[in-house]
Amino acid sequence: SIAIKEDEHGILKQCLLYIQKNLQKKDVNGFFAYPVNDVIAPGYSSIIPHPMDFSTMLSKIENDEYRSVLEYKKDFVLMCNNAMTYNRPETIYYKEAKKLLHSGMKMLSKDKLLNMKKNLV
Ligand SMILES: COc1ccc(C(=O)NC2CCC2)cc1-c1cc(C(C)=O)n2cccnc12
């Protein structure tokens with residue numbers, strides 16, 4: 001069986017909270033702060049099978065539901081892709097999602113993560 005790397009000091013949690021804080025700064029209008037509901041977005045729950053938003057990601061961080069930055073990154077990409085699936089390209093939501101995804105990929109890039117790791121050990 002593979003050894004599950006111990007993270008007794010919650011290093012991963014620290015990293016994810018730092019990453020989320022910086023990503024969420026980009027969401028100035030709060031469009032990604034809370035779950036989208038069918039009232040503001042008609043038919044949303046039948047079009048988007050796996051909704052995701054920053055508040056859900058924060059509780060997953062707090063509850064140690066992410067085993068790696070990669071798992072967190074997947075939820076971040078899901079959140080952005082949902083917005084680019086439900087909303088038409090000319091909408092503010094699509095445009096914000098595209099911008100957010102782009103800056104998120106930069107922040108979650110290999111060299112940025114290696115840098116963070118270097119500063120931690
Ligand atoms: C938590 O989600 C939201 C919170 C607030 C707002 C909002 O303030 N919208 C006003 C700007 C023009 C109406 C929009 C949204 C929102 C996000 C989204 C996403 C992310 O798809 N959305 C799609 C259709 C309609 N509204 C939204």
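A short reminder: the numbers here are calculations on the coordinates, not readings from a lab. Keep in mind the model is a prediction, meaning the values are calculated, not measured. Counting neighbours? That spans all protein chains shown, and the Cβs are built from the backbone with ideal geometry, glycine included.
Of all stretches in the chain that contain no trypsin sites (Lys or Arg not before Pro) in a DSSP loop with at most 13 other Cβ atoms within 10 Å, the longest one is 6-66. Past the 20 Å Cα-Cα mark, which pairs from 60/98; 26/99; 25/95; 25/98; 13/117? In this structure, 60/98 exceed 20 Å between Cα atoms.
Within segment 48-121, the GluC sites (Glu not before Pro) that combine a DSSP coil assignment with at most 11 other C-beta atoms in a 10 angstrom radius are 90. Multiplying the residue separation of residue 107 and residue 13 by 0.36 nm and subtracting their alpha-carbon distance yields 32.2 nm. With K and R counted +1 and D and E -1, the other residues having a Cβ less than 9 Å from that of residue 89 yield a net charge of +2. Shape index of the chain: Rg/Rh, with Rg the Cα radius of gyration and Rh the Kirkwood radius from the inverse mean 1/r over Cα pairs, equals 1.01. At an R0 of 30 angstrom, the distance between the Cβ atoms of residue 95 and residue 59 translates into a FRET efficiency of 0.65. The Cα atoms of segment 72-121 define a convex hull whose projected area, averaged across directions, is 3.6 nm². Every Cα-Cα pair in segment 1-57 was counted, and those over 18 Å apart are 52% of them. In the chain, Cα pairs under 8 Å separated by at least six residues give a relative contact order of 25 percent.
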